[in-house]
Amino acid sequence: MLKALSVDLWGTLIEDEPGPIETYTYMKLKALWEVLNRYGNVDFNNVIEVYKKIIRYKDHTPSHLFAKMIALILGFNNEKVLEEASIAYEQGAYSYKPRIIPGARELLEYAKNSKLRVVVVTNTSFSATGVLKLLENAGLGDYVDYVASSSDLGVEKPNPRIFQIALRAINVEPYEAIHVGDSCSRDVLGSLFAGLKPVLYARKHSSVELCKALNIPIVDSLKKTIGVLEAILKS
């Protein structure tokens with residue numbers, strides 16, 4: 001019996017405007033810089049340079065610690081300043097309103113109307129609180145029961161643990177859940193190894209062949225995912 005919908009965040013539910021640095025990242029760095037600049041003369045371009053140097057640590061480092069890393073590299077080691085900067089960084093994008101992927105609202109509405117619990121499982125630099133803020137700003141927050149963020153948990157997709165943590169939080173077994181995401185490697189393989197039923201939302205055609213070889217359902221729109229859910233619920 002299907003009891004839950006697990007869904008990816010970026011590229012599946014929401015997306016940002018294209019650019020060299022994401023809009024929300026720019027907002028967070030600007031907020032951090034404004035704090036640091038009150039305690040010392042800091043060039044905003046230097047903040048961006050440091051960010052780019054350590055970006056590979058971003059998604060699996062808690063947001064407040066990542067902000068402190070930037071501040072430390074820039075020469076700030078006062079604990080009060082570090083804490084203030086980390087809070088500003090975390091909250092800097094709380095007003096950011098992302099674009100909703102077409103069909104995302106309809107998918108979540110269908111899940112809730114079908115009495116399914118909804119969890120978001122995401123590799124992101126946002127804490128779960130931050131993710132919920134983004135979803136609320138996009139008008140999707142009321143549909144979500146739990147957020148599993150790699151930033152909070154220190155584990156990223158495709159590690160099966162992040163899916164298992166999410167489902168444990170809502171008291172659902174993996175075989176009772178379906179996961180929808182746009183990455184065959186991260187979303188499909190991760191959820192498959194965790195015991196969920198995966199569906200690939202093929203916005204891009206990379207790795208589609210791998211999912212085909214695994215006989216994974218593949219859809220090219222989120223609205224078509226509703227049909228997959230219907231078939232499972234009726235089976």
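Side notes on the structure shown:
- The set of residues in segment 105-131 that are of a type outside the set (S, T, N, Q), under 21 Å from ARG203 (Cβ atoms) and in contact with a strand residue (DSSP E or B) (Cβ under 7 Å, 6 or more places away or on another chain) comprises LEU108, ALA111, VAL118, VAL119, VAL120, VAL121, PHE126, VAL131.
- If you go through segment 1-60 and pick out every residue that is touching a residue at least 40 places away in the same chain (Cβ under 8 Å) and charged (D, E, K, R), you end up with 10.
- Here HIS60 passes the criteria (1) over 27 Å from ASP187 (Cα atoms); (2) touching a Gly at 6+ places or on another chain (Cβ under 7 Å); (3) modelled with pLDDT under 95 except the one numbered (1).
- Within segment 52-75, the residues that satisfy the criterion of being touching a Leu at 6+ places or on another chain (Cβ under 6 Å) and either assigned to a loop (DSSP other than H, G, I, E, B) or of a type in the set (A, V, I, L, M) (or both) are ALA67, ALA71.
- Of all residues making up segment 132-146, the number that are of a type in the set (Gly, Ala, Ser) and either on the phi > 0 side of the Ramachandran plot or without any contact (Cβ under 8 Å) to a residue 24 or more places away in the chain (or both): 2
- Filtered by the rule that a residue be part of a helix (DSSP H, G or I) and either among the acidic types (Asp, Glu) or within 11 Å of the chain's Cα centre (by Cα) (or both), segment 108-128 gives GLU109, ALA128.
- Restricting ALA71, ALA67, ALA111 to those that are outside the structural domain of THR12 (by TED's automatic domain parsing), modelled with pLDDT of 95 or more and under 30 Å from GLN164 (Cβ atoms) reduces the list to ALA67.
Quick grid of which residues meet (1) surrounded by fewer than 16 Cβ atoms within 10 Å (Cβ to Cβ); (2) part of a helix (DSSP H, G or I); (3) in contact (Cβ under 8 Å) with a residue 60 or more places away in the chain:
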{"site": "ALA148", "(1), (2), (3)": "no, no, no"}
{"site": "PRO158", "(1), (2), (3)": "no, no, no"}
{"site": "GLN164", "(1), (2), (3)": "no, yes, no"}
{"site": "ARG168", "(1), (2), (3)": "yes, yes, no"}
{"site": "VAL172", "(1), (2), (3)": "no, no, yes"}
{"site": "ARG186", "(1), (2), (3)": "no, yes, yes"}
{"site": "PRO198", "(1), (2), (3)": "no, no, no"}
{"site": "LYS204", "(1), (2), (3)": "yes, no, no"}
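- The listed residues are ARG161, ARG105, and the only one of them that is within 18 Å of ARG186 (Cβ to Cβ) and either of a type outside the set (Ser, Thr, Tyr) or in the same structural domain as HIS179 (by TED's automatic domain parsing) (or both) turns out to be ARG161.
- Condition met for PRO217 (surrounded by fewer than 22 Cβ atoms within 10 Å (Cβ to Cβ) and either touching a helix residue (DSSP H, G or I) at 6+ places or on another chain (Cβ under 7 Å) or outside the structural domain of ARG117 (by TED's automatic domain parsing) (or both)): yes
- Those residues of segment 28-47 which are surrounded by fewer than 18 Cβ atoms within 10 Å (Cβ to Cβ) and either at pLDDT below 95 or not acidic (Asp, Glu) (or both), in sequence order: LYS30, ASN37, ARG38, TYR39, GLY40, ASN41, PHE44, ASN45, ASN46
The values are calculated or read from the model by the stated rules, or taken from the named source; none is laboratory data. Bear in mind the structure is a predicted one, so any value in this text is a computation, not a measurement. Please note: Cβ atoms are built from the backbone with ideal geometry, for glycine as well, and neighbour counts cover all protein chains shown.
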